[in-house]
Amino acid sequence: MKAQRGRASRRPCSRVPVPRRPPPGPGMCLLLGAAGVGKTLLVKRLQKLSAGDGKGDLGDPPPTRPTVGTNLTDIVAHRKITIRELGGCMSPIWSSYYGNCHSLLLSASCVLLLGLLSAEELAKASVLILFNKIDLPCYMTVEEIKSLIRLPDIIACAKQHITTAEISARDGTGLSAVLLWLQEQHKCSS
């Protein structure tokens with residue numbers, strides 16, 4: 001197809017997508033982190049865990065693919081919570097999704113963490129920093145990571161209430177604690 005002079009050609013792939021937002025409400029949780037940190041597996045495991053009694057065998061890890069764009073997943077933790085997972089490649093436009101955020105699950109680097117904590121729209125969001133992949137034989141302890149990124153100093157200066165959790169989305173370690181944290185953050189909101 002030839003482009004004609006004087007007319008704007010319409011190419012939908014050349015436009016930046018407008019975020020599809022669910023209705024405003026306190027049940028929105030953003031899941032942010034770099035590519036490859038296990039966000040999609042975490043969401044799938046939390047969904048399976050919330051569908052049961054919060055206990056039991058999660059089975060083998062389901063297959064995942066890198067998230068390009070955004071995934072919306074509903075879990076039930078005393079009430080419906082929508083987890084919006086944003087692909088790591090979308091980090092330049094993450095801020096356009098901050099408005100509906102009540103809580104934030106974060107698996108990120110120190111620089112990314114500082115940027116998110118300074119965002120005015122996230123000032124009232126509760127934050128859970130996830131230290132994922134603890135099942136790997138060469139992982140650093142949480143204390144080593146906290147020291148490396150000076151997390152106590154970051155927490156002291158942050159406006160948000162910040163919690164940390166060691167997890168393995170692959171084998172399920174710590175996922176019950178994440179689900180309980182989500183329930184706690186979203187139970188008083190209506």
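The values are calculated or read from the model by the stated rules, or taken from the named source; none is laboratory data. Note that the structure is predicted; figures quoted are calculated from it, not measured. Positions of Cβ are backbone-derived with ideal geometry, glycine not excepted, and every protein chain shown enters the neighbour counts. Ligands, DNA and RNA are excluded from the accessible area calculation, which covers all protein heavy atoms including side chains. Shrake-Rupley method; radii C 1.70, N 1.55, O 1.52, S 1.80 Å.
Tabulated results
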item	result
Around Gln185: net Lys/Arg minus Asp/Glu count, Cβ-Cβ under 15 Å	+4
Over the stretch 74-152: Rg over Rh, Cα atoms, Kirkwood Rh	0.99
Carbon and sulfur %, accessible surface of the stretch 39-122 computed with the full protein complex present, 1.4 Å	54 percent
Sum of side-chain charges, Leu31 neighbourhood, beta-carbon under 10 Å (Lys, Arg +1; Asp, Glu -1)	+1
Debye intensity ratio I(q)/I(0), log10, the stretch 58-113, q values 0.13, 0.24 Å⁻¹ (C-alpha model)	-0.42, -1.21
Additional length obtainable on full extension of the chain from Ser118 to Val68, 0.36 nm per residue less Cα span	15.5 nm
Computed lengthening from Leu136 to Arg79, 0.36 nm per intervening residue step minus Cα-Cα distance	17.2 nm
Extension gain from Ile93 to Ser176, taking 0.36 nm per residue of separation minus the Cα-Cα distance	26.8 nm
Cα-only Debye scattering, the stretch 42-190: base-10 log of I(q)/I(0) at q = 0.10, 0.11, 0.21 Å⁻¹	-0.35, -0.43, -1.65
Separation in nanometres of the label points that stand 7 Å from Cα toward Cβ, at Val111 and Glu184	3.2 nm
Kirkwood-Stokes translational diffusion coefficient of the stretch 88-131, alpha-carbon pairs, 25 °C, 0.890 mPa s, µm²/s	228 µm²/s
Paramagnetic reach from Asp60 (point 7 Å along Cα→Cβ, amide N under 19 Å) across the stretch 153-190	169-173
